[in-house]
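The values are calculated or read from the model by the stated rules, or taken from the named source; none is laboratory data. Here the structure is a predicted model, which means the values were calculated and not measured. Because the Cβ atoms are built from the backbone with ideal geometry, glycine has one as well, and the counts that use them run over all protein chains shown.
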């Protein structure tokens with residue numbers, strides 16, 4: 001259970017075909033989502049310790065929540081590789097990767113214009 | 001597929017550590033020192049600890065109910081605050097003191113600023129300093145049935161001899177939780193072993209303070225004098241349990257060294273040049289207030305960003 005891939009896609013339906021490019025299928029045995037309700041950040045710095053890009057995921061996610069694009073870019077938010085380590089380790093169960101990913105998509109879309 | 005499924009973003013598997021079990025381990029790590037305090041100062045100490053924990057948990061519960069917020073007493077952070085506050089009180093205080101301190105710590109220092117994670121200073125220390133400033137006579141009365149004299153630190157400041165062995169075991173006067181170095185070290189080792197606190201802040205703090213005392217204490221690098229300063233007062237409790245409080249310490253790796261260094265210097269200044277024998281609480285609270293500034297200047301350079309690029313980015 002502990003050595004599954006961090007970055008997985010959700011199968012919304014059992015009819016989704018499995019192709020040879022899928023390296024693993026993960027089945028959750030219980031309702032993990034409701035067990036993962038986010039709570040307040042306690043500033044424990046675990047996300048900073050695990051981040052392979054030496055970012056501060058907590059501050060980036062805060063910037064996204066406040067819709068502060070400048071702070072996000074100043075703190076090298078675009079360097080994030082979306083590995084999911086910060087979300088995995090977070091004891092407050094914050095959706096750090098999800099928040100950062102969302103902001104990165106917006107930024108990339110703006111760049112293309 | 002008629003039933004609704006709950007869908008979340010990846011990663012779907014999370015680490016087992018949660019806020020409440022981190023807090024639970026902190027409580028467990030504080031128990032040896034608290035237990036020794038009760039053994040040392042008698043049943044009054046137990047009542048003070050219980051009152052302080054109860055008032056913190058209750059005031060958090062009542063405030064959150066009254067404000068229609070999610071009740072978060074389950075994360076045990078109020079228990080940690082209450083226990084730390086109780087351990088920072090002398091065993092001779094009247095029983096309304098821990099209650100008042102707990103209400104102040106939780107409501108004024110923590111909840112009014114947005115609850116867990118948003119408080120700008122350590123709630124337990126905020127509560128303690130409020131009590132020290134308001135009731136100085138009560139808060140510095142360390143005379144009990146067992147100990148009639150001043151605390152070792154006050155003796156040290158007055159130039160009297162102190163017994164290091166007693167200070168190590170904890171058979172001295174002082175606040176409930178600060179006397180026993182051995183019990184505090186035991187608790188700190190639990191937290192180190194579980195990776196809950198890191199080495200940087202406490203050791204930078206203690207080493208800086210030791211060097212400062214050696215330089216400005218007036219006795220040079222005298223082993224006995226420096227170790228008496230290290231073992232005396234709230235330094236060990238402060239360094240391992242309060243300076244490392246997650247919410248009020250810097251999140252950046254470099255910032256932690258700076259924070260520990262500032263705490264060491266401030267504690268040294270307060271203890272040696274100040275009128276009080278104690279200085280740890282003030283140093284940590286002032287350190288807490290500097291944290292946003294420290295964090296602002298120590299944002300780490302992301303992987304792959306050139307050193308010069310950082311300066312240009314700032315100019316732009």
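Taking the criterion of being touching a residue at least 24 places away in the same chain (Cβ under 8 Å), within 14 Å of chain A (Cβ to nearest Cβ), in contact with a helix residue (DSSP H, G or I) (Cβ under 6 Å, 6 or more places away or on another chain) and outside any helix (DSSP H, G or I), would at least one residue in the stretch B:90-109 satisfy it? Within the stretch B:90-109 (the criterion being touching a residue at least 24 places away in the same chain (Cβ under 8 Å), within 14 Å of chain A (Cβ to nearest Cβ), in contact with a helix residue (DSSP H, G or I) (Cβ under 6 Å, 6 or more places away or on another chain) and outside any helix (DSSP H, G or I)), the answer is no, since none of the residues qualifies. Scanning the stretch B:231-260 for residues being touching a helix residue (DSSP H, G or I) at 6+ places or on another chain (Cβ under 8 Å) and more than 10 Å from chain A (Cβ to nearest Cβ) gives a total of 18.
If you check residue A:83 against the conditions, is it more than 7 Å from chain B (Cβ to nearest Cβ) and touching a residue at least 24 places away in the same chain (Cβ under 8 Å)? Yes; evaluated as a whole, the condition is true for this residue. Taken residue by residue, the stretch A:17-31 has no member that is outside any loop (DSSP other than H, G, I, E, B), out of contact with any helix residue (DSSP H, G or I) (no Cβ under 6 Å at 6 or more places or on another chain) and either facing another protein chain (nearest Cβ under 10 Å) or surrounded by 15 or more Cβ atoms within 10 Å (Cβ to Cβ) (or both).
Quick grid of which residues meet (1) out of contact with any helix residue (DSSP H, G or I) (no Cβ under 7 Å at 6 or more places or on another chain); (2) part of a helix (DSSP H, G or I):
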{"residue": "B:14", "(1), (2)": "no, no"}
{"residue": "B:21", "(1), (2)": "yes, yes"}
{"residue": "B:24", "(1), (2)": "yes, yes"}
{"residue": "B:31", "(1), (2)": "yes, yes"}
{"residue": "B:37", "(1), (2)": "no, yes"}
{"residue": "B:52", "(1), (2)": "no, yes"}
{"residue": "B:62", "(1), (2)": "yes, yes"}
{"residue": "B:86", "(1), (2)": "no, yes"}
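One residue alone among B:52, B:91, B:59, B:77 is surrounded by 19 or more Cβ atoms within 10 Å (Cβ to Cβ) and in contact with a strand residue (DSSP E or B) (Cβ under 9 Å, 6 or more places away or on another chain), and that residue is B:91. Quick one: in the stretch A:32-41, of everything that is assigned to a loop (DSSP other than H, G, I, E, B) and at the interface with another protein chain (Cβ under 8 Å from one of its Cβ atoms), which residue is nearest to residue B:302 (Cα to Cα)? Step by step, filter the stretch A:32-41, then rank; the result is A:41. Do we find that residue A:71 is touching a residue at least 24 places away in the same chain (Cβ under 8 Å) and either part of a helix (DSSP H, G or I) or buried (at least 22 other Cβ atoms within 10 Å of the Cβ) (or both) in this structure? When the stated conditions are applied, residue A:71 does not pass them. Among the residues of the stretch B:21-52, those identified as within 14 Å of another protein chain (Cβ to nearest Cβ) and either at pLDDT below 85 or within 18 Å of the chain's Cα centre (by Cα) (or both) are B:22, B:23, B:24, B:25, B:26.
Taking the criterion of being surrounded by 15 or more Cβ atoms within 10 Å (Cβ to Cβ) and within 14 Å of chain A (Cβ to nearest Cβ), the residues of the stretch B:261-309 that qualify are B:288, B:291, B:294, B:295, B:298, B:299, B:300, B:302, B:305.
Residue A:37 meets the stated requirement of being at pLDDT below 90, under 24 Å from residue B:76 (Cα atoms) and under 17 Å from the mean Cα position of the chain (by Cα).
Out of the stretch A:42-63, which residues are more than 7 Å from chain B (Cβ to nearest Cβ) and in a helix (DSSP H, G or I)? Passing the criteria: A:46, A:47, A:49, A:50, A:57, A:59, A:60, A:61, A:62, A:63. Among the residues of the stretch B:22-49, just one is surrounded by 15 or more Cβ atoms within 10 Å (Cβ to Cβ) and without any contact (Cβ under 8 Å) to a residue 40 or more places away in the chain, namely B:46. The set of residues from the stretch A:86-98 being buried (at least 22 other Cβ atoms within 10 Å of the Cβ) and not in a loop (DSSP other than H, G, I, E, B) comprises A:86, A:87, A:96, A:97.
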